[in-house]
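Taking it in order: structure first as structure tokens, then the write-up.
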Number of protein chains: 2
Amino acid sequence: MPGTNTVAPSSIIIEDIQPRVDCGRYPIKREVGDRVDVSADIFRDGHDMIAAVLQFRAHDESDWREEEMRFVDNDRWAARFIVDDNTTFFYRIEAYPDYVGSWRDEIGKKLGAGLDVASELLEGVHLIEEIASRASGEDLATLESAIERARGANDQGSAVAALDEAAVCAAIEANRSRVGRAVSPEYAVTVDRLAARFSAWYSMFPRSAGTEPGRSATFRDVERQLPRIADMGFDVLYFTPIHPISKSKRKGRNNSLVSVEGDPGVPYAIGSEEGGHDAIHPELGTLDDFRHLVTQAASFGMEIALDVALQGSPEHPWLKKHPDWFYIRPDGSIKFGENPPKRYEDMYPLNFQSDAWREIWDEMLRIILFWVDHGVKMFRVDNPHTKPTVFWEWLIAQVRAKHPEVIFLSEAFTRPKVMRALAKAGFAQSYTYFTWRNFKQEIREYGEELTQTEMKDFLRANFFPNTHDILPSILQEGGRPAFQFRLVLAATMSSAYGIYSGFELCENTPVPGKEEYLHSEKYEYKVWDWDRSGNISAYVSRVNAIRRSHPALQEYENLRFVDTSDDNVLAYYKATEDLADIVLVIVNLDPFHAHQTTVRLPLDTLGIGHDGQVRAHELFTDETFLWTGNEQHLTLDPQDNPAMMFSLHKWVHHDYVEPDY
Amino acid sequence: MPGTNTVAPSSIIIEDIQPRVDCGRYPIKREVGDRVDVSADIFRDGHDMIAAVLQFRAHDESDWREEEMRFVDNDRWAARFIVDDNTTFFYRIEAYPDYVGSWRDEIGKKLGAGLDVASELLEGVHLIEEIASRASGEDLATLESAIERARGANDQGSAVAALDEAAVCAAIEANRSRVGRAVSPEYAVTVDRLAARFSAWYSMFPRSAGTEPGRSATFRDVERQLPRIADMGFDVLYFTPIHPISKSKRKGRNNSLVSVEGDPGVPYAIGSEEGGHDAIHPELGTLDDFRHLVTQAASFGMEIALDVALQGSPEHPWLKKHPDWFYIRPDGSIKFGENPPKRYEDMYPLNFQSDAWREIWDEMLRIILFWVDHGVKMFRVDNPHTKPTVFWEWLIAQVRAKHPEVIFLSEAFTRPKVMRALAKAGFAQSYTYFTWRNFKQEIREYGEELTQTEMKDFLRANFFPNTHDILPSILQEGGRPAFQFRLVLAATMSSAYGIYSGFELCENTPVPGKEEYLHSEKYEYKVWDWDRSGNISAYVSRVNAIRRSHPALQEYENLRFVDTSDDNVLAYYKATEDLADIVLVIVNLDPFHAHQTTVRLPLDTLGIGHDGQVRAHELFTDETFLWTGNEQHLTLDPQDNPAMMFSLHKWVHHDYVEPDY
């Protein structure tokens, strides 16, 4: 028999609490200032009424804050709370019998039917006396006065009315009994800072920031790039690994097995006698130079994100000090990376299953905290899906416990369930399949999967149209228009996106037959002409400026597709909850030909009304249109306007007012 | 850091185990001999292979039985187990690294690429030696021999082959290491006897089984009805309450507030000086008579289901002995049932929230066990939604712990979430909204909701076209054809169904403007002419005989609708998993007019092939048709064939064989 006290077990059931991830096994994700809309099925046997509160608290608060839940429909109740701090929040639901509400309902019906309610009045007085026993001050006075007036009333109707005044109801609600209450399990919310949701990443090899061919740029050279990158509107400057690079087994240009003098090696072959994951490649500068760069970037409104690639080169200090952290072959040698028959002789994977797993975990934490202490609050994690998810869950929790502002981006291009698991385990942002979604239906389906299913509560998609590993076919073949519309898609479908440098130059020479860059920066020093002909830097600046001035584009879950008549044209909008900001995006997915299309606008949903008039402000050209009706006909020409963005407002009729003269 | 031992935490993730109800809060339901198809997402980081087993055990078994899980797709794994006992089962999943599988994969790829695998061979031998350390007998010999042959092989390919023979693989699988394993939570299965899924209920007032107007029939009279009811093919004979009825506040005919001499009272006004819930109304007979009836029914293949109505009449012994079990008014009197302004002066609800709740729970359990001891294994519970669900969960668990064969049917016609909660809490069967679903789309949607959503795992619908409380409009207006096709729908859409006596007589005189019977048996003695003109007893017999001879109709989840061209005609089929039995049901939902329709048969799904020939045996008329193609044209005339049922088989071509003479 449940419970051992004399109070009967609660007869209230609280079920199907939403949102929650995997039955509450993992936290949901939100950002500071964000809302958490909680709903649940709440009901009990019989006809008695119930009340419910949503309880929530920040991690370090001992008392629950409360929001009264409202009945929605079909036993569904809902309430909302705002997460106002960069920490972990918890929420749960408490529901209890609404004794006074049930009594009011009963006595009201009986009075209405002309029945004698003397006994019911007595019950009501008893109920309110019980509540008064918990009340004090003004509430107590209000309740005592109501009871007195009810007792002295001339008729039953007046007596009930005395117990039903607004002030009395308020005093009752504030002091009501919760005997018979049911309490749901607790659910957690990881509350990140806003950048977890809204950020524009610029990815680069710091050694390519210079002007002198054949040698590495320095952090000082990177500082000289800051104005250019800030002008384009990026918030996050992400560097491939900045650590010393192994000389032995060094890869040459275009991933050749043999390197020659002057080849810098792959930054992911981390470690040399100059140090490992907590050291800086001497060619880039010193730790002081790095800190200077972090400060300089901040002055441009940007922060630095580092790459976390948890493996050692053949020269990494770990291999000497901790060979037991790696896979040891029967002959005692350490096993390098393989995906047979591919071999990665310049990288040795850590063995997270080794008996030394705790030492490995601790060292990884130490490294992250080292860089956090040097001003890094964002990390792009290389191939997290080749390390245990349970390790990431622990690592991120440890880091967040001290530094909740830290944001981890998961670079896992792998199977869907694995990508989701990493996001659930704590990664604030995730790379996605966006890079390879090119056609209308597949883009729409993927966008809806990300933002309209349970994924929206734990996985924040960071859309990259390219990376230093991936030059997708659409960019290879579609040229400048493709770069433009892929940028628009990335920057407006998701609130977080990024490009890999060179994108703004429309750099698209592939290794033949592969989705990789020819002469990749991974293997050689590069010098770029950032003003070279055909660049779209101004276009990038424009898109980022539009993102910054439109709150609708800074939200994630609000992506909504609309129908278009042409299968080459994709259209969607994002709107703020109050509909004050609505941005309609229309993209011609064919980089070669112009397409005409009819776009169907959901004017009712947008608060404009089915027959409304719309003021549509095109955000690239600054042209304003007056649209009537929910069907608009548009032409998108890849050479002229591969994408269009409209800020929509209801057209307001101003009445004629006689001038005051 | 998870875990304190030196073994690293498992890096395997087991997610989204199906089936489960409310994250495992409630058991799923199955019947003895039934299958449980379990699937889950199971994966780990990296490329290493994994294996997984489905573990299951009956409540009283200490060791898990195991089924190897197979990879399906997209990190989904599946296996099945059979529940072979009327008890509670548990299941969970254990997954672990497939060390040998990963090794085989790696060495196979390397051999294929012509690489030297000396080191890998050594690793393999070490792996198999570790496995051999757990092996004994033949397995040990096999493994040792394999290792010896691998060591002595002339070339690496032969060495690998020696470790890869079928017998070696089997010995490896039988003794493999489970280091690094992950174990899922456990989930429960309530395994009922078959009748929980497959039963046909006949509901009656035992006092109406006689032949003498104006007086109660006896259990002996009921015994004389057994051949008739058994001939119709019913398994369960359900009685409205058989207990003494209060004389005070007794309701008269047609629910009038005043009763006159000779009015028998409502059987739900339980209790008089002659006893309460463990007593039998003296007019019906004695406890011995009841036991005799139970035995007689069993000899006809039927069991008795009793009505459980947990309330007391004004004369119930509880009111005197335990007034604190009820709602006490301020004046000290006990509160009768109300749903203001409606009053039920002849029934006093128990107060399950009173301080005496434990006594009430215990007494309710005592009553149920009392009748179980007198041979009753099925209970139809009246208005369970007006008592706490947590009470039912406890009660049913207590009864099942001693008598797992007991089946409770929930008579909750209330809101959907409440009905579901009762089913989750343990009711084996549930009344449904079927009684009021009349049109094609709503019937289809409801049928799919019940059998194709998560509801199928916890709620078994018992379809009643009528009850003693409900005479739905379709029967009032549609007359005999409506009785016929509503019977067919109830008896074939669900594997459990029932009728309230009089249905077979097409009794359909309503209280004007209400969905209730005029001159209801609830308020008066009745004598029925079971042979009266227009009866459909033979039709009922036929339908039940078809149910008994077709295993497909004895399953629940296998309801599948097919498209028809006429919105008045509903069609669906049920098939056994092996497709040996396929029953196609076609129903004209318009009781007034004939309709022609085209039925589209999913011949591929049915294993017949898109262009196949079908032998269709009509089960009412015994006619056989040879159909070609997946579109069949049929006419259903309410006066002639309101419903058709076809047993479908692939037409088999017999080759000409020369007679042997």
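A few remarks follow.
- Portion, in percent, of the accessible area of the stretch B:560-655 that falls on carbon or sulfur, probe 1.4 Å: 46 percent
- Solitary cysteines of the protein assembly as shown, where the nearest other Cys Cβ is not under 4.7 Å: A:Cys169, A:Cys506, B:Cys169, B:Cys506
- Computed E for B:Leu140/A:Lys342 - FRET, C-beta separation, R0 41 angstrom, nearest 0.05: 0.65
- Dipole magnitude of the stretch B:560-655, debye to nearest 20 (Cβ charges: Lys/Arg +1, Asp/Glu -1, about Cα centre): 140 debye
- Residues with amide H under 5 Å from that of A:Tyr344, placed H, sequence gap 5 or more: A:Gly337, A:Glu338, A:Asn339
- Heavy-atom accessible surface of the stretch B:99-175: percent carbon and sulfur, 1.4 Å: 52 percent
- Taking every DSSP beta bridge that has both ends in the protein assembly as shown, the antiparallel portion is near 75%.
- Taking the chain by itself as reference, the stretch B:388-414 contains these residues with an accessible-area loss of 50 Å² or more in the full protein complex (1.4 Å probe, heavy atoms): B:Val390.
- Adding -39500 (n - 2.57) for every DSSP H run of four residues or longer, then dividing by how many residues chain B holds, sets the calculated 222 nm ellipticity at -8500 deg cm²/dmol.
- Rg followed by Dmax, in Å, when chain B is reduced to its Cα trace: 30.9, 106
- Going by accessible surface with a 1.4 Å probe and the largest first, A:His243, A:His385 read A:His385, A:His243.
- Pairs of Cα atoms in the stretch B:560-655 fall into 10 Å distance bins, from 0 up to the last occupied one, in shares of 17, 51, 27, 5, 0 percent.
- Taking every residue in A:65-78 and counting other chain Cβ atoms within 10 Å of its Cβ, the average works out to 1.
- For chain B, averaging the sequence separation of C-alpha pairs within contact (under 8 Å, six or more residues apart) and dividing by the residue count gives a relative contact order of 10 percent.
- Prolate/oblate/rounded label for the stretch A:602-661 (Cα gyration tensor, a/c 1.5): oblate
- Kirkwood Rh in Å, taken over the stretch A:99-175 so that all alpha-carbon pairs contribute: 12.2 Å
- Antiparallel %, DSSP beta bridges [both residues in chain B], to 5: 75 percent
- Cβ-vector label at 7 Å, A:His654, separations to other copies in nm: 9.3
- Placing a pseudo-label 7 Å from each Cα along the Cα-to-Cβ vector at A:Glu442 and A:Ser158 gives an inter-label distance of 7.9 nm.
- Counting every alpha-carbon pair across the protein assembly as shown, the share separated by more than 65 Å comes to 24%.
- Computed over the stretch A:560-655, relative contact order equals 30 percent, with contacts defined as Cα pairs under 8 Å that lie 6+ residues apart.
- Chain B comes nearest to the axis taking it onto chain A at the Cβ of one residue; that residue and its distance, in whole Å, are B:Cys23, 2.
- The alpha carbon radius of gyration of the stretch B:370-469, expressed as a multiple of 2.2 N^0.38 Å, is 1.12.
- For the residues B:Glu618, B:Glu274, B:Glu658, a 1.4 Å probe over the protein chains yields an accessible-area ranking, largest first, of B:Glu658, B:Glu274, B:Glu618.
- With label points defined 7 Å past Cα in the direction of Cβ, position B:Glu165 shows copy-to-copy spacings of 9.7 nm, given to one decimal and shortest first.
- Estimated buried accessible area (total), pair B and A, 1.4 Å, Å² to nearest 100: 5500 Å²
- Summarised in one figure, the compactness ratio Rg/Rh of the stretch A:504-619, Cα atoms and Kirkwood Rh, is 1.08.
- Student exercise, the stretch A:453-579 dipole from Lys, Arg, Asp, Glu Cβ charges, in Debye to nearest 20: 300 debye
- Alpha-carbon gyration tensor eigenvalues x 5, square-rooted, for the stretch A:87-236, Å: 70, 15, 14
- Once all protein chains are placed together, A:Ser259 keeps about 40 Å² accessible to a 1.4 angstrom probe.
- Across the stretch A:299-411, the fraction of Cα-Cα pairs farther apart than 19 Å, rounded to a whole number, is 49%.
- Here the spin labels are modelled as points 7 Å beyond Cα on the Cα-Cβ line, and at B:Arg65 and A:Asn254 they lie 6.3 nm apart.
- Using the 1.4 Å probe convention, the accessible area of chain A works out to 40 Å² per residue with neighbouring protein chains retained.
- For the cross-link pairs A:Lys417/A:Lys440; B:Lys320/B:Lys377; A:Lys109/B:Lys320; A:Lys29/A:Lys387, the ones whose C-alpha atoms lie over 27 Å apart are B:Lys320/B:Lys377; A:Lys109/B:Lys320.
- Spatially proximal lysines relative to A:Lys650 (Cα-Cα < 22 Å; intrachain offsets below 8 disregarded): A:Lys574
- If you take the Cα centroid of the stretch A:427-485 and the Cα centroid of the stretch A:323-372, the two points sit 31 Å apart.
- In degrees, nearest ten, helix B:440-452 long axis to first principal axis of chain B (Cα): 50 degrees
- In the stretch A:303-385, trypsin sites (Lys or Arg not before Pro) in a DSSP loop with at most 16 other beta-carbon atoms within 10 Å: A:Lys335
- Here B:Val260 sits with roughly 100 square angstrom of accessible surface, probe radius 1.4 Å.
- Solvent-accessible area lost in complex, 10 Å² minimum, residues of the stretch B:417-465 relative to chain alone, 1.4 Å: B:Lys417, B:Val418, B:Ala421, B:Lys424
- If you wrap the tightest convex hull around every Cα atom of the stretch A:189-251 and split its volume per residue, you get 139 Å³.
- Take A:Arg134, move 7 Å from Cα toward the beta carbon, and the resulting point lies 5.6 nm from the same point in each other copy, nearest first.
The values are calculated or read from the model by the stated rules, or taken from the named source; none is laboratory data. What you are looking at is a predicted structure, and each value in this text was computed from that prediction instead of being measured. Here the Cβ is made from the backbone with ideal geometry for all residues, glycine too, and neighbour counts use every protein chain on show. These area figures cover heavy atoms from the full protein model, side chains too; ligands, DNA and RNA do not enter into them. Shrake-Rupley method; radii C 1.70, N 1.55, O 1.52, S 1.80 Å.
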